[in-house]
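Notes to accompany the following structure.
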Amino acid sequence: MSKAIQAVRGMNDLLPDTVERWQRIEAIARDVLHAYGYREIRLPIVEKSELFARSIGSLTDIVEKEMYSFEDRSGDNLTLRPEGTAGCVRAGIENGFLHNQIQRLWYAGPMFRHERPQKGRYRQFHQMGVEAFGIDTPDIDAELIFLCARLWRALGLEGLGLQLNSLGTPESRAVYRRELMRYLETQRGNLDEDSLRRMDKNPLRILDSKNPAMQEVIAKAPSLFDHLDDAARAHFEKLGEYLGQAGIAFTVNPRLVRGLDYYTRTVFEWTTDRLGAQSTVCAGGRYDGLVEQLGGKPAPAAGFALGMERLAELLAHQDLGAQPARPQIYLVLLGASAEQQGLVLAERLRDAGLRIECNCGGGGLKAQLKRADRSGAHHALLLGEEEVRNNSVTVKNLRDSETQTQVAQNALIDFLKKMTERGEQP
Ligand code: ATP
Ligand code: MG
């Protein structure tokens with residue numbers, strides 16, 4: 001036997017049990033999103049590399065170290081998307097749905113970052129992203145946060161805390177940047193390699209460093225929050241009022257800068273203390289300059305993305321309700337004539353709205369009942385030689401070995417439907 005090939009490190013298979021759990025999360029999230037008028041958009045997984053350098057920023061961790069970039073057969077430089085906002089803005093400009101319009105959009109799918117894999121951090125991971133375009137005022141920032149809070153409630157998720165900060169406008173940030181650089185100059189000896197490299201071009205990124213050795217330097221740095229311009233401060237205060245009215249608690253974290261360059265004014269993160277080091281479940285903010293930066297007519301925007309793996313991990317012990325993916329009935333087929341009729345009988349039952357797993361590949365009664373049990377179905381239908389002869393089917397309750405009833409085939413659908421109405425499975 002030759003050696004089995006393994007999956008790429010940090011890229012996981014999602015097995016059916018996990019997928020069904022995710023689908024329940026996604027269904028709940030979809031309902032919440034639709035309750036606020038957000039509509040789904042589906043975007044390519046591969047984009048031109050330049051898109052990410054121009055949006056996320058060329059001196060960020062993502063662009064410097066984490067992107068899966070390659071040259072395709074036509075010599076184009078392409079990248080597996082590390083996040084969804086850039087592609088969404090690109091699509092908006094290209095399809096002309098951003099200019100002078102309000103758009104509320106969401107998307108979901110895999111993202112790719114070449115990071116060190118660990119619990120809650122993978123190389124292929126999944127996000128649900130939400131973006132609102134065309135609204136300049138803090139009401140939309142508040143709505144996005146309300147939407148998150150409603151989603152946590154709908155999922156029965158507790159213990160998520162909201163951290164908030166404002167990055168101000170590009171102008172106020174420039175003033176702060178100069179002051180930060182003066183401070184960092186005095187700290188040169190304490191800076192790590194990444195920080196030294198970022199010092200001249202992108203010193204704010206230093207505040208986002210995850211290096212424990214850098215945390216003291218960061219803690220003593222001047223606060224961006226103290227340098228906000230009046231408009232950004234008023235925006236932030238108004239957002240705080242909206243959140244207060246809705247009873248949503250938050251902490252102002254002046255060190256929250258986010259790992260992407262495109263943010264302006266409001267930034268926020270929902271964090272938990274239940275996932276170890278990977279504590280951020282959902283993160284976002286405003287990116288008022290991005291549309292213009294990517295070649296569109298200026299349009300304000302705000303959004304967030306949540307990490308599905310981290311969310312699912314938090315919900316792992318929660319019962320999210322029914323598992324509609326399991327079949328209600330397993331159809332056992334014994335003998336050649338039963339096999340001959342079985343596939344068609346299964347089709348008829350599905351036409352009547354029932355979920356049927358039909359035995360394929362033969363096998364004796366014992367083997368088929370074992371498969372029936374494993375399928376998760378509550379009942380088996382037995383079609384053997386006798387049943388074929390007298391046009392009947394034996395209905396067997398798999399969870400109670402005593403009950404077994406013969407039913408005429410032309411009365412079968414009625415019988416199964418009555419069983420459902422009585423609240424029995426199926
Ligand atoms: P972190 O600080 O944890 O690296 P980030 O700031 O890089 O996160 P964003 O780009 O804001 O993350 O992505 C939004 C969310 O996507 C994160 O809060 C997290 O839940 C999830 N996420 C980001 N990177 C990964 C990853 N490599 N594996 C799993 N989930 C991730
Ligand atoms: Mg990251």
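For the reader, a short list of remarks on this structure follows.
- Lone unmet requirement of (1) of a type outside the set (Asp, Glu); (2) assigned by TED's automatic domain parsing to the domain that holds ALA132; (3) farther than 26 Å from PRO117 by Cα for ASN202: (2)
- The residue list GLY159, GLY168 contains one member that is touching a residue at least 40 places away in the same chain (Cβ under 8 Å), buried (at least 18 other Cβ atoms within 10 Å of the Cβ), assigned to a loop (DSSP other than H, G, I, E, B) and not basic (Lys, Arg), which is GLY168.
- The number of residues in segment 38-64 that are outside any loop (DSSP other than H, G, I, E, B), within 15 Å of ligand 1 (Cβ to nearest atom) and of a type in the set (Val, Ile, Thr) comes to 2.
- All positions within segment 72-100 that are assigned to a helix (DSSP H, G or I) and either within 16 Å of ligand 2 (Cβ to nearest atom) or without any contact (Cβ under 8 Å) to a residue 24 or more places away in the chain (or both): THR85, ALA86, GLU94
- Members of segment 308-357 found to be open to solvent by less than 50 Å² (accessible area, probe 1.4 Å) and in contact with a Pro (Cβ under 9 Å, 6 or more places away or on another chain), listed by number: PRO327, GLN328, ILE329, LEU354, ILE356
- Candidates ALA35, ALA29, filtered to the one that is out of contact with any Gly (no Cβ under 8 Å at 6 or more places or on another chain), closer than 26 Å to ASP288 by Cα, within 16 Å of ligand 1 (Cβ to nearest atom) and among the small types (Gly, Ala, Ser): ALA29
- All positions within segment 125-144 that are of a type outside the set (D, E, K, R) and open to solvent by 50 Å² or more (accessible area, probe 1.4 Å): THR137
- Condition check for ARG182: open to solvent by 20 Å² or more (accessible area, probe 1.4 Å), part of a helix (DSSP H, G or I) and not assigned by TED's automatic domain parsing to the domain that holds GLU309: yes
The values are calculated or read from the model by the stated rules, or taken from the named source; none is laboratory data. Just so it is clear, the structure is predicted and the values come from calculations on it, not from any experiment. So basically every Cβ, Gly included, is an ideal-geometry build from the backbone, and we count neighbours across all protein chains shown. To get the accessible areas, we keep the full protein, side chains included, count just its heavy atoms, and leave off ligands, DNA and RNA. Shrake-Rupley method; radii C 1.70, N 1.55, O 1.52, S 1.80 Å.
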